[in-house]
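To start, the structure itself, in structure tokens.
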Amino acid sequence: MGLGGSGTEEDAFRVRFPEAEEQEPWLPLLLDAYAVLDAGLERAVAASGRRPACRAGCQACCHQPIPASSLEVLGLTWYVIAQCRGLSRRLLRRQLRDGGSGPACPFLVEGQCAGYALRPMACREFVVFGRTCCLGEEPHRTRPGDMLPLPAAAQREAFRRMLPYYGLTDPDLCEAALHDRLILRDTALLQGRDWGWLARCLI
């Protein structure tokens, strides 16, 4: 895994898995989309003039409902199968086999995200200022002024990068799909899914 360096703004955020990207045509679509979104989030944070309270080890957001599209689920499951190793893999397998982690994200293992590199857009967009969140807090309700406003243009462009996964490349059809919120309609929560099949893949 590495970062790209061809010079565009998104390259600084582009995670790369060269061999896998050659074998899995959907993977570069997702990685490009995430890079676009992450760059947009970085711009939005800089424009706010504030410093995010989010930090390594903070996991309150992992206890929020986490929607993910079918492409994002594919990426997350690919990542933990292909890249997750050692103790983290064994703990994740046991957790998924035993029914997940309650209301928390099923990929939260001992306070760490087992699929962080391919975490969904909803996770990336959850940026809080002021102070770190308390466990169980819903900052969008309790202190919405401390939430980073969604960088809608970056999200829209990220969605556009994902559309070939759905068989859409024609510009007019892509515009229609974006207008109809195709990808948002394709989302479901990570919590509540049956992840037993993934546990079996992690043997």
- Each residue of the stretch 171-182 in order: what ³J(HN,Hα) in whole Hz does its phi give by Karplus 6.51 cos²θ - 1.76 cosθ + 1.60, θ = phi - 60°, with x for Gly and Pro? x, 5, 5, 5, 4, 5, 5, 5, 4, 7, 6, 3
- Tell me, Kirkwood radius of the stretch 75-178 from alpha-carbon pair distances, in Å? 16.5 Å
- Message: Residues of the stretch 107-145 with backbone nitrogen within less than 16 Å of a virtual label 7 Å along the Cα-to-Cβ line of R55, please, listed as ranges.
- Response: 128-135
- Counting alpha carbon pairs within less than 8 Å and at least 6 residues apart, what relative contact order, in whole percent, applies to the chain? 31 percent
- Message: Over 29 Å apart: what share of the alpha carbon pairs of the chain falls there, rounded to a whole percent?
- Response: 25 percent
- Item | Rough spin-label spacing in nm, given labels placed 7 Å along Cα→Cβ, for E175 and E9 | 2.3 nm
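Values in this text are rule-based calculations from the coordinates and carry no lab data. Quick caveat, the model's predicted, so the values are computed rather than measured. Here the Cβ is made from the backbone with ideal geometry for all residues, glycine too, and neighbour counts use every protein chain on show.
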